[in-house]
Amino acid sequence: MIEKLLPYALHRPIGIFDSGVGGLTVLRALRRKLPHRDYIYLGDTARVPYGRKPATMVAEFAYGITEFLRGMDVEGVVIACNTASASALPELAGRFSMPIWGVIEPGVEAAAGLTRTGRVGVIGTQGTIASSAYQKRLEQRGLTVWARACPMLVHIVEEGLAGSPECDLLLRHYLDGRAEIDTLILGCTHYPLLHDAIQRAVGDSVTLVDSAEALAQAVSGFPNAGPVSDAPGRIVHFVTGDPLAFAHTAAVIGEVDGEVVPLAVTELIRLQATG
């Protein structure tokens, strides 16, 4: 039984997954909203990045991971990855009975409620922007959309260069030619860690939408999301790649609580083959 992989018992955990460490910003936002819940975080670092892989392949990865988390008896699954949300959410929601939340719809809803002019921007990875997942949903609400892939920003975050001259230079490269917008969705879970630098680049007239915060707000509104005890929740991280590399990068992001457990990617491949 895959539950035996847990180093200690968890009660009604919420499952979260991402291709790497960016989803830890979602975990952090969730812990602020629901500090007494237990969590299982799965970082599929052996197959990172998802953003440059075909959508069908990412959907297969997401199915295997969700099946793994279901076997851990999670109460719901949070897809803390924009690429996986775009590629897999509708199919996963149709195949599993537990709640499954993606990062895209909450961000779209937040931006639609905040824009004053109806002109919204979105930045994200190549895969997320190429999928048009944000653009289509925003346009369905009658909004005018500008979108830009900003793939190098992930490396800026993971190298601990947020706020550096290199970060500011790269942001000017990506954002100086933007259309006139009043709201900008940070469509990658790494980007909230660049919030201040992005705000400087676009100016105070543009409202930033933190997709991690919007998703945490959506999950916290779930009827069974409330506290299970008065004690602080516990966390287990499963990592398909190098646990030490994961812990190092997680420390840069500032979210390293909980046990880190290595997980053979072959286990996920086995589960995705059953789908």
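The values are calculated or read from the model by the stated rules, or taken from the named source; none is laboratory data. Only a predicted model underlies this, so the values are computations on that prediction, with no experimental measurement involved. Here the Cβ is made from the backbone with ideal geometry for all residues, glycine too, and neighbour counts use every protein chain on show. Surface areas here come from the heavy atoms of the whole protein model, side chains and all, with no ligands, DNA or RNA. Shrake-Rupley method; radii C 1.70, N 1.55, O 1.52, S 1.80 Å.
Brief remarks on what is shown
- Considering region 211-242, the residues that are outside any loop (DSSP other than H, G, I, E, B) and open to solvent by 40 Å² or more (accessible area, probe 1.4 Å) include one that is farthest from T25 (Cα to Cα), namely A218.
- If you go through region 1-44 and keep only what is open to solvent by less than 10 Å² (accessible area, probe 1.4 Å), hydroxyl-bearing (S, T, Y) and within 23 Å of L194 (Cβ to Cβ), you end up with T25, Y41.
- Among (1) within 26 Å of G20 (Cβ to Cβ); (2) open to solvent by 70 Å² or more (accessible area, probe 1.4 Å) - the single one D176 does not satisfy: (1)
- Meets criteria (under 18 Å from S205 (Cα atoms), among the hydrophobic types (A, V, I, L, M, F, W, C) and part of a helix (DSSP H, G or I)) for A179: no
- Residue check for V58: under 16 Å from the mean Cα position of the chain (by Cα) and in a helix (DSSP H, G or I): yes
- Filtered residue count, region 16-55, keeping only those that are of a type outside the set (V, I, T), in a helix (DSSP H, G or I) and in contact with a helix residue (DSSP H, G or I) (Cβ under 8 Å, 6 or more places away or on another chain): 9
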